[in-house]
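The values are calculated or read from the model by the stated rules, or taken from the named source; none is laboratory data. Here the structure is a predicted model, which means the values were calculated and not measured. Cβ atoms come from the backbone with ideal geometry, glycine included; neighbour counts cover every protein chain shown. Just the protein is used for accessible areas: all its heavy atoms, side chains included, with ligands, DNA and RNA removed. Shrake-Rupley method; radii C 1.70, N 1.55, O 1.52, S 1.80 Å.
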Amino acid sequence: MSESKPNQTQPPATGYQSTEEMVAAQGAYESDALSRAQADLAELQAKSAELADQYLRAKAEADNARRRAEDEISKARKFAVEAFAESLLPVADSLEAGLIIKDATIDHLREGAQATLRQLLAALERNKVIPINPQPGTTKFDPHQHQAISVVPSEFDANTVVTVLQKGYAIADRVLRPALVTVAAPK
């Protein structure tokens, strides 16, 4: 048999004067060990219950946050164009007002169309829709913002925009429509 040091898990094996004393000491030790084990078990059960409660609360909080985020995304999608549509209403009002005038001259129609165009451009600008209008002769062709309709001989450097056939538009770095351009041919 190997020597073992007395510790909390085993009672000392020597030092008893009688068998009854050893049995009593063994019983007391087992009783203490049982009490400690029951106390440890109760403590662990309480910790387990506390952790389970914390887990359930955290899970419920995460579920609520996910639901709120989904609701906000849904509302954002549903009402995303609301501000844009609201800024276009004055443009529609101006067009309707221009159509009501029965005896309008060509100059009146031109002035009304120019005013309405200014309103429309201002509404687009407020909503971060910016024109892509390259300067002929100075702007290099950019396939991300321009669409070349043709390549033409020109006095400009090769791959330079020669003419703009139609402005393009971008919203926040994303091209909605590229500018339609002709490009200078290599010499």
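Remark: the chain carries 80 Å² of accessible area per residue (probe radius 1.4 Å; ligands, DNA and RNA excluded). Sparsely packed loop sites in segment 66-127 (the trypsin sites (Lys or Arg not before Pro) outside DSSP H, G, I, E and B with at most 10 other Cβ atoms within 10 Å) comprise Lys102. For the chain, DSSP calls about 65 percent of its internal beta bridges antiparallel.
If you average the sequence gap of Cα pairs under 8 Å that are 6 or more apart and divide by the length of the chain, what percent do you get for the contact order? Each step should come with its number before you reach the end.
Numbers: 172 pairs, mean separation 25.7, N = 187.
That works out to 14 percent.
Could you pull out the GluC sites (Glu not before Pro) across segment 83-187 that fall in loop regions by DSSP (anything but H, G, I, E, B) with no more than 13 other Cβ atoms inside 10 Å? The partial results should precede the final answer.
Working: sites: Glu86, Glu96, Glu111, Glu125, Glu155; in loops: Glu155.
In loop regions of segment 83-187 (DSSP not H, G, I, E or B), the sparsely surrounded GluC sites (Glu not before Pro) are Glu155.
Counting only alpha carbon atoms, the long axis of helix 19-78 and the longest principal axis of the chain meet at about 10°. Each label point was placed 7 Å from the Cα along the Cα-to-Cβ direction; for Ala33 and Ala58 their separation is 3.6 nm.
For the pair Leu51 and Lys167, label points projected 7 Å from Cα toward Cβ lie 6.5 nm apart.
Taking every eigenvalue of the Cα gyration tensor of the chain, multiplying by 5 and rooting it, what semi-axes result, largest first, whole Å? Walk me through the numbers on the way to the answer.
Numbers: eigenvalues 1597, 170, 13 Å².
After scaling each eigenvalue by five and taking roots: 89, 29, 8 Å.
Only lysine pairs 8 or more places apart or on separate chains count here, and in the chain those with Cα atoms under 27 Å apart total 9.
Cα gyration tensor of segment 100-187, axes a ≥ b ≥ c as square roots of the eigenvalues: rounded (a/c below 1.5), prolate (a/b > b/c) or oblate? If you can, show how the numbers build up before the last one.
Values: a/c = 3.71, a/b = 1.78, b/c = 2.08.
Oblate.
Pull out a ≥ b ≥ c, the square roots of the eigenvalues of the alpha-carbon gyration tensor of segment 52-162, then state rounded if a/c is under 1.5, prolate if not and a/b is larger than b/c, and oblate in the remaining case. Can you show the working numbers first?
Numbers: a/c = 5.56, a/b = 1.52, b/c = 3.66.
It is oblate, given that a/c is not under 1.5 and a/b is not larger than b/c.
Taking the 1.4 Å solvent-accessible surface of the chain as the whole, the part contributed by carbon and sulfur is 57%. Taking 18 Å as the cut-off, the amide N atoms of segment 119-136 that come nearer than this to a point 7 Å along the Cα-to-beta-carbon line of Val175 belong to 129-136. Please list, in order, the residues from segment 167-183 whose amide nitrogen is less than 18 Å from a point placed 7 Å along the Cα→Cβ vector of Ile130. Of the residues in segment 167-183, 167-180 have backbone N under 18 Å from the label point off Ile130.
Taking chymotrypsin sites (Phe, Trp or Tyr not before Pro) as exposed when DSSP calls them loop (any state but H, G, I, E, B) and at most 15 other Cβ atoms lie within 10 Å, what is the longest stretch of the chain free of them, the sites themselves excluded? Between exposed loop sites, the widest span is 80-187.
Taking label points 7 Å from Cα along the Cα-to-Cβ direction, Glu86 and Ala104 give a separation of 2.8 nm.
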